[in-house]
Amino acid sequence: MHLNNVTLLYEKYPTEEYYPFNLQVLRRTRRIEFHSPVTFFVGENGTGKSTLLKALCQKCGIHIWKMAEGVRLETNLYEETLYMFLEVQWSSGRVPGSFFGSETFRDFAQCLDEWAAADPDTLRFFGGKSLITQSHGQSLMTLFKARYRIKGLYFLDEPETALSPKSQLELLKVLKRMGEAGHAQFIIATHSPILLACPGADILSFDEAPVRKIDYEDTEHYLIYKNFMENRGRYLKEM
C-alpha cells in the first residue's frame, strides 16, 4: 500500500452552500482508510465519488490532464478547491502515479502523438505504438497494460465508459495482477459490476453519509443487473 488514508477536514470548509462543500457525504465523512491495492468508489451520479477522487489525486500531487476550458456561463469558485481541505498519510513516502478520465483520453492520445513526432521514444511508456492508430477500446487497454506495470498510485474515473464487457474483463485482470504484484495501488470510481468483482478489492459506497464499505453483492450495480437478467420480461413489460 502506498496511500494509507485520507482525512476530510470538514470543519475548515469555506462554505456550506456551494458544491462540493454542500455534499453531505463530504461533510459527514472524517476519514477513509485504504487496506486493499484496489479500492472502488461507488454511488449514484452526483454523490461525490468522482469529486473526491479528483481532489485526492490533486492532494497526492498527481497531475490531472485536461484540455483548456472555454467560456462558461457561471463559475463556481469552490469547484476545484476540495483538495485543500484533505490530509493524506503515505505508508513509505509519496509515490508517482497518474489519473485516467475517459472524457479527456482521446485528446491526450492526440497530444501524445504530437510529442512522439519530436521524440518517438515517448511512446515507450505507453505501449510502444501510437494510441491514435488503434480503436478507442484497444488504445485504452494498451495504455493500461503498459502504464500500470510501473510502481505508483493510480486514479481512474469511470474507465469502463469506452470499454466493451470483454475489455472490462481484460482491465479486471490487469487490476488483479498488478495489485497482487504489490507495486501498484488503484483508486477507481466506477459503475461497472464487472470491475467491482475484482477479488480482494474494497468497495466504498457514497450513497449514504458517511462513506461506508459494502460487499459486492450489496452494491446497487450488482443487484440491478442481477434482477434485470433474472426478470427481464417483467422489467420490459413495465416500460
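Data for the structure
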item	result
Leading residue by the ranking (surrounded by the most Cβ atoms within 10 Å (Cβ to Cβ)) among those in the stretch 180-221 that are at pLDDT below 95 and part of a helix (DSSP H, G or I)	221
Which listed residue, of 129, 145, is assigned to a helix (DSSP H, G or I), charged (D, E, K, R) and either at pLDDT 90 or above or surrounded by fewer than 19 Cβ atoms within 10 Å (Cβ to Cβ) (or both)	145
Residue check, residue 51 in contact (Cβ under 8 Å) with a residue 60 or more places away in the chain, of a type in the set (Val, Ile, Thr) and within 30 Å of residue 220 (Cα to Cα)	no
Tally of residues being outside any helix (DSSP H, G or I) and surrounded by 20 or more Cβ atoms within 10 Å (Cβ to Cβ) across the stretch 161-179	1
Residue tally, condition surrounded by 14 or more Cβ atoms within 10 Å (Cβ to Cβ) and either of a type in the set (S, T, N, Q) or over 19 Å from the mean Cα position of the chain (by Cα) (or both), over the stretch 91-109	3
Among the candidates 114, 79, 87, 103, residue that is in a loop (DSSP other than H, G, I, E, B) and among the acidic types (Asp, Glu)	79
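For (1) more than 28 Å from residue 218 (Cα to Cα); (2) at pLDDT below 95; (3) of a type in the set (Val, Ile, Thr), each residue gets a yes or a no:
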site	(1), (2), (3)
13	yes, no, no
25	no, no, yes
29	no, no, yes
34	no, no, no
45	no, yes, no
55	no, no, no
71	yes, yes, yes
79	yes, yes, no
82	yes, no, no
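The values are calculated or read from the model by the stated rules, or taken from the named source; none is laboratory data. It should be emphasised that the depicted structure is a prediction, and the values quoted were computed from it without experimental measurement. Note that each Cβ is placed from the backbone with ideal geometry, even for glycine, and that neighbours are counted across all protein chains shown.
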